[in-house]
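> The structure's right below; bear with me while I get my questions together.
Please treat every number below as a calculation from the coordinates, not as lab data. Here the structure is a predicted model, which is why all the values come from computation and not from measurement. For neighbour counting, all protein chains shown are included, and Cβ atoms are generated from backbone atoms with ideal geometry for every residue, glycine included.
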Amino acid sequence: MDAGLAAVQHKQALAASSRSLMLRLWREHLRRYRARLVWLLALTAVMSGATALYPVVIQRAFALFTAKDPRILYQVPLIVIAVTGLKAAAQYFQNFEVHRLVLLVIRDLQQRLFAHLTLADLAQVEREAPAQLAARFTTDAVAMRESLVRSMNGLADALTVIGLIASMFYLDWLMSLIAAALYPLAAVPIERIGRRIRHASGSMQALMGETVAFLHESFAQARTVRAYRLEAKELARAESAFTNLYRALLRMTRGRVRVEPVLEVLGGTAVAAVIGFAGWRVATGTESVGNFTGFVAALLIAARPLRALGSFNAALQEGLAGLARVFHLLDEPPRVVDPPAPRPMPEGGGRVVFEHVHFVYPDGRVGLNGLSFVAEPGRMLAIVGPSGAGKSTALALIPRLQDVASGAVRIDGVDVRELRLADLREAIAYVSQEAALFDDTIAANIRLGRTNAGEAEVIAAARAAAAEGFIAALPDGFATRVGPGGSFLSGGERQRVLLARAFLRNPRILLLDEATSALDAESEAAVQRALAQLRRGRTTIVVAHRLATVRDADLVVVMVDGRVAEQGTHAELMARNGLFARLVRTQALVH
C-alpha cells in the first residue's frame, strides 16, 4: 500500500515538475518569440490540413474511377499536384522555422547560463570540474534541442491527426469511433516509459559530464601519466567511465525502443478491426469501396503522426532532464553582488585594512579566524606561512572574489562590500599563482589589463615585466598565439605575461600570489626591480612561499591557521627567532 502511494506521489511530482519546467521555458524564453510562433502555427496548420485532404482525394478518385467518369483523367491529378505542392512548401518552411526557433531558444539559454556563471561566486563555479560545466552547453543543449524540435513537430503531428480524424468522420463516423477507441490504450505504457527515460536521461547526462571531466583531466596530465607509468591505471579508469556511460545509454535506449512496438501493435490492431468491420459492410452492400479505401488510407496515414506522438513523451523527458540541470544552475543566486546603494571609490593611495576577518569555506572549514593587519600605500606587505594557513584566501577577499563571514576588509577607510564591484576591481591588479592565459596573442593577453591601451604601452608593460626579450625572440613577436591556457609558453614566460598585464593596469593596489615562483634568478631580479618602481604610491601585497623573496618587504605578516602569528620586518622577525625564523632556516636547509 505504501509502495503504491509512493509511486503515485512520485508520478504526480514528476508531472508537476514537467509542467513547471515547460511553463518556465515559455515565460522566460519562448514568449519573446510569439510572432514567430504564430507564423509557425499557420504553416503547421496548412501542412496538417493538406495531409488531412489525402484520404478525401483518394475517396474522390475511387468514386470517379468506379463511375468511369472522364474527369478522372485531369481533375484528380491536378488536385493531387496542388495538394502535394501545398504540403511540400508548407513543410519546408515549417521545418526551417521550427529549427530556427529552437536554435534561438538554445542560444538564449546558453548565453544566459554563461553570463550567470561568469558573474557567479567562485564557490559555485569551482564546485564542478570545468568539463562538467561545459557539458551544460553541449550535452544538455543537444538533448534540449532535440526535445524542443520534437515538441514543435508534435504540434504538427497533433494537428495532422485531428485533420485526419475529421476526414475519417466525414467518410465514416462509425468506423472512426471503432479506431478511436483503441489508441488511448497506449497512453498508460507510454507514460510509464517516459518516466523511466527521464530518470535514465538525467543519469546519462551526469555521467557524460563526469566522463568529459575525466578525459580533460587525463589528457591535461599526460606528462605525469607517462612519467609515473600510470597508463594501466588510466586505462582502468577509462574502462570504468565508458562502461558506466554505456550502461546509462543502454537503459535510456531500452526505454526508447519500447515505444514504437507498443504503438505498432495497437495501430495494427486498429487497422485490422476497421478492415474486418468495413469488409463485412462492403460484402453486405451497406458501404462503397471508395469510402472504405479513403478511410483505410486515412488510418494508415495517421499511423506515422500517431507513432510520433507516442514517442514524443520520451523525447520530451530527455530534454526536460537537461533543462532541469540548467535551471538548477541559474537558480543559485550569487552572494558577491553590488550593494543596493554603492559608495564611490574613496580617494587615497590604497590603504588596506583587515579587521578581525573570519572566512568559512562552503564545506564548513574555517579559512580565516580573526585576521587583522594593515597594508600601507607605497609599501610592500608580504604574507607568509605554512601551507593551508589561509594566505591566498586572504588575498582573494580584497577584490571580493569571495566575501568575509564576519569582520571587514577596508580600502582607504571604506568596507569593500560597500563599493561597486566594477570600481573596486578597476583599482586592483591581481596576479594569481595559476599562470594560465587565454588562447589568444601575447599582446591581447597583456591588453586585458587595460583594453584601450596602445601598442607602445603594451610594449612598455612587457619591458617592465622582463618579458620583452623572450617575446621579441618569438617568430610572430607580440602577435604570437599562446595556446590553450598558455601551453605554448613556459611557466616563467606565462608569469611574465601576467605581470605585464598587471603593470599595464597601473593599479592602486597590486596583489601578487607567488607571482614570481616560476622565474629564473635573472628574470626575477629584473621583475623585482620593476616592482620596486611600480609599487611607489600604491599598496603591494605579496603572498610568498619562497621566504628569501620577502627580504625587501616593508612588513611581513606570518599566518598560521587563518590568523596572524607574528609580524614585522624580515630583520625583526629573524631576531625574534620565532616561527618565521624557523621557516626561513628550514627552507635554507632544503635548498
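> Give the calculated FRET efficiency between Ala88 and Leu245 to the nearest 0.05, with a Förster radius of 51 Å applied to their Cβ-Cβ distance.
The formula returns an efficiency of 0.80 here.
> Suppose R0 equals 60 Å. What FRET efficiency, 1/(1 + (r/R0)^6) with r the Cβ-Cβ distance, do Ser20 and Asn506 give to the nearest 0.05? Provide the component values of the computation, followed by the final result.
Values: r = 50 Å, r/R0 = 0.84.
Given R0 = 60 Å and the Cβ-Cβ separation, E is 0.75.
> Of all DSSP beta bridges located in the range 388-534, what percent are antiparallel, nearest 5?
Close to 50 percent.
> Something else now. Along the charge dipole of the range 45-156, pointing to its positive end and built from +1/-1 on Cβ of Lys, Arg, Asp and Glu, which listed residue (Phe137, Leu117, Ala63) has its Cα farthest out?
Ala63
> Short version: ³J(HN,Hα) in whole Hz for each residue of the range 85-100, in order, from phi by Karplus 6.51 cos²θ - 1.76 cosθ + 1.60 (θ = phi - 60°), x for Gly and Pro, what are they?
x, 4, 5, 4, 5, 5, 5, 4, 5, 5, 5, 5, 5, 4, 5, 5
> Can I ask one more? Let's test the formula: R0 of 56 Å, r as the Cβ-Cβ distance of Asn369 and Arg36. What FRET efficiency results, to the nearest 0.05?
The computed FRET efficiency comes out at 0.50.
> Which value, in debye to the nearest 20, gives the size of the charge dipole of the range 391-490 about its Cα centre, when Lys and Arg are +1 and Asp and Glu are -1 at the Cβ?
About 180 debye.
> Got a sec? How would Thr540, Thr211 order by Cβ neighbour count within 10 Å, fewest to most?
Least crowded to most crowded, the residues run Thr211, Thr540.
> Would you mind putting 418-430, 384-396, 330-342, 103-115 in packing order, based on average other-beta-carbon counts within 10 Å, highest first? Write out the running numbers ahead of the final one.
Numbers: 418-430: 18.2, 384-396: 19.7, 330-342: 12.0, 103-115: 15.5.
Packing proxy ranking, top to bottom: 384-396, 418-430, 103-115, 330-342.
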